[in-house]
Amino acid sequence: MYTGITEKKELPEDLALQCLDLYHVYGTELENKVVALRGVSFDIKKGEILSIIGPSGAGKSTLLLSLGGMLKPSAGQIIFSDGTDITKLPEKFLFEFRRKKIGYVFQEQNLLPHLSAEKNIEMPMKLLNTPYLEIKRKSKELMQRLGIYHRRHHIPTKLSGGERQRVAIARALANNPEIILADEPTGAVDAETSVQILELFTELSNEFGTSYLICSHDPIVADFSNRSLEIRDGIIIGEHGMGFDLENLDQTRLLVPDNQGRLSIPEEAMRQLGGVFLFSWQVTEQGLLLKPIKSPERREGPKIKFCPSCGLEIPPNTYSCPRCGTKLTRVVH
Ligand SMILES: Nc1ncnc2c1ncn2[C@@H]1O[C@H](COP(=O)(O)OP(=O)(O)O)[C@@H](O)[C@H]1O
Ligand SMILES: [Mg+2]
């Protein structure tokens, strides 16, 4: 269907999306360059609810914009289930592809201000020339499921923040996309609405096999996710299964090596080891064994007092910046 594409890659049957070695650099002038993604690779399974967690500035929104085809990453591949790599898709095919396959829910809801809630939800279906009766049936069903049917004739400014968010979600779901990308979808709504939204996501993933990728630091989102990936400074450093504590990530994190084999050693491990700078390594029957080498002169290496990324003064024995989350290898003792 998308003739501008010469190559297609077969994805395993159970995958909705595969993201390979994604890089993104903002800015063109040297001094203004920001490397927001530094080799991000992961898969999303069909029907999976996957969340992305990480401090502000870690690259979550950049990742979502890239996966949604709204930002062209500097390098890497984003392959959907039919084998299409959207980073190679010419603009005119990309519009149609996005409309059919991807639903977005973003922080700023981007509702059309002069249209009612109902008309906003109907818009993506009209753009795909969906039959009128089907549009009416689908928008009614979504509004009922999200508890906004009684508000359908109101324009966005007459709706509460929570109601606007639910309209944005209904609109994202209207075309039964294969994948929903949501950037902090519960950020501006109360806990009850958050649960309602996540329950609907879960129902739809079971009913239609819809996959969800949700950037969020909301414990409710973490509770409903099948899996969560932890992103820091533009790389994925860890993965968590179901039922983990956002305040104690070290307890449940499985370490993920980045595309160059680098592992991020947990802060808690560094604290317990007392800040070592060298490890000997060995592959044993148990796996990879890292043994700290406590060389006194090594421990006397240059100490830093300020975070190299944001400049915050670092309190003693701290292994990541309390403000921006940057990992610190040399710390104030
Ligand atoms: N349009 C932009 N131009 C330049 N830098 C940007 C832009 N958008 C984001 N950044 C930078 O890229 C990094 C990642 O940002 P972002 O993806 O928004 O992170 P998050 O969503 O995790 O808070 C940050 O350092 C941010 O300042
Ligand atoms: Mg963001």
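The values are calculated or read from the model by the stated rules, or taken from the named source; none is laboratory data. Treat the numbers as computed from the prediction; the structure is a model and nothing was measured. FYI the Cβ positions are ideal-geometry reconstructions off the backbone, even for glycines, and counts take in every protein chain you see.
Annotations for the structure displayed:
Residue-wise test of (1) modelled with pLDDT of 95 or more; (2) under 20 Å from Leu11 (Cβ atoms); (3) of a type in the set (A, V, I, L, M, F, W, C).
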site	(1), (2), (3)
Leu67	yes, yes, yes
Gln77	yes, yes, no
Lys88	no, yes, no
Leu94	no, yes, yes
Phe97	no, yes, yes
Leu112	no, no, yes
Ser116	yes, no, no
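- Matching residues, the range 144-184, being within 19 Å of the chain's Cα centre (by Cα) and over 19 Å from Gly69 (Cβ atoms): Gln165, Ile169, Glu184
- Any hit, the range 239-258, residues being touching a helix residue (DSSP H, G or I) at 6+ places or on another chain (Cβ under 7 Å), under 25 Å from Ile79 (Cβ atoms) and within 16 Å of ligand 2 (Cβ to nearest atom): no
- Hey, Ile86 crowded, with 21+ Cβ neighbours inside 10 Å, over 22 Å from Leu128 (Cα atoms) and away from ligand 2 (no atom under 16 Å from the Cβ) or not: no
- Residue within the range 100-110 that is within 16 Å of ligand 1 (Cβ to nearest atom), over 17 Å from Ala168 (Cα atoms) and of a type in the set (A, V, I, L, M, F, W, C) present: no
- Residue within the range 3-24 that is within 16 Å of ligand 1 (Cβ to nearest atom) and surrounded by fewer than 19 Cβ atoms within 10 Å (Cβ to Cβ) present: yes
- The residues listed here are Lys72, Lys33, Lys60; of these, the one that is within 16 Å of ligand 2 (Cβ to nearest atom) and out of contact with any Pro (no Cβ under 7 Å at 6 or more places or on another chain) is Lys60.
- Taking every residue in the range 14-40 that is farther than 18 Å from Glu230 by Cα and pairing it with any residue that is of a type in the set (Asp, Glu) and surrounded by fewer than 19 Cβ atoms within 10 Å (Cβ to Cβ), at least 6 positions away or on another chain, the pairs with Cβ-Cβ distances below 6 Å are Leu15/Asp43.
- Annotation for the range 224-238: at least one member residue is more than 16 Å from ligand 1 (Cβ to nearest atom) and in a helix (DSSP H, G or I).
- Candidate set: the range 50-67, residues that are crowded, with 24+ Cβ neighbours inside 10 Å and over 10 Å from the mean Cα position of the chain (by Cα); chosen: the one nearest to ligand 1 (Cβ to nearest atom): Ala58
- Of all residues making up the range 239-285, the number that are of a type outside the set (Gly, Ala, Ser), part of a loop (DSSP other than H, G, I, E, B), within 19 Å of Asn317 (Cα to Cα) and in contact (Cβ under 8 Å) with a residue 40 or more places away in the chain: 1
- Checklist (1) more than 16 Å from ligand 2 (Cβ to nearest atom); (2) free of Cβ contacts under 8 Å to residues at least 60 places away in the same chain applied to Tyr212, failing item: (2)
- Pairs with Cβ under 9 Å, 6+ apart, first in the range 176-199 and closer than 22 Å to Glu48 by Cβ and within 13 Å of ligand 2 (Cβ to nearest atom), second aromatic (Phe, Trp, Tyr) and modelled with pLDDT of 90 or more: Leu181/Tyr104; Leu181/Tyr212; Ala182/Tyr104; Ala182/Phe201; Ala182/Tyr212; Asp183/Tyr104; Pro185/Phe201
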